[in-house]
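Participant: First the structure, then my questions, so here it is.
The values are calculated or read from the model by the stated rules, or taken from the named source; none is laboratory data. Since the model is a prediction, treat every value here as computed from it, not as a measurement. Methodologically, a virtual Cβ is constructed for each residue, glycine included, from the backbone with ideal geometry; neighbour enumeration extends over all protein chains shown. What goes into the accessible areas is simple: the full protein's heavy atoms, side chains included, and nothing from ligands, DNA or RNA. Shrake-Rupley method; radii C 1.70, N 1.55, O 1.52, S 1.80 Å.
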Amino acid sequence: SSATNRLSNPWTIVLDSSNALYIADQGNNRIQKWIIGYSTGTTVAGQTNGVAGATSYYLNQPNGVYVDTNSNIYVADS
């Protein structure tokens, strides 16, 4: 399911400086950000509906994510 409270084949996780969790949601072709205490995530890269693609607005099975100290998000995308 591509619902914001569901993941499909989560691959990599990383915490930012505020302890928000970023997840490379590989099966849904997106990066999800989860904040402590929230029951749903927010799509911060890729499409919320899980559609894959080959443009800068889409991801295709992301398998890595990194967030630097300035909150820049870096994604390794297949």
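Participant: Just one of (1) assigned to a loop (DSSP other than H, G, I, E, B); (2) open to solvent by 50 Å² or more (accessible area, probe 1.4 Å); (3) modelled with pLDDT of 95 or more trips up L59, so point out which.
Facilitator: Only one criterion is unmet by L59, namely (2).
Participant: Regarding region 23-43, can at least one residue be identified that is touching a strand residue (DSSP E or B) at 6+ places or on another chain (Cβ under 6 Å), open to solvent by 30 Å² or more (accessible area, probe 1.4 Å), in contact (Cβ under 8 Å) with a residue 40 or more places away in the chain and of a type in the set (S, T, Y)?
Facilitator: no
Participant: State the number of residues belonging to region 62-78 that are open to solvent by less than 80 Å² (accessible area, probe 1.4 Å) and either touching a helix residue (DSSP H, G or I) at 6+ places or on another chain (Cβ under 8 Å) or more than 21 Å from S17 (Cα to Cα) (or both). I'd like the intermediate steps shown before the answer.
Facilitator: Taking region 62-78 as the starting set, the residues that turn out to be open to solvent by less than 80 Å² (accessible area, probe 1.4 Å) are 62-65, 67-68, 71-73, 75-77.
From what is left, the residues that are either touching a helix residue (DSSP H, G or I) at 6+ places or on another chain (Cβ under 8 Å) or more than 21 Å from S17 (Cα to Cα) (or both) are 62-63, 77.
Of the residues in region 62-78, 3 are open to solvent by less than 80 Å² (accessible area, probe 1.4 Å) and either touching a helix residue (DSSP H, G or I) at 6+ places or on another chain (Cβ under 8 Å) or more than 21 Å from S17 (Cα to Cα) (or both).
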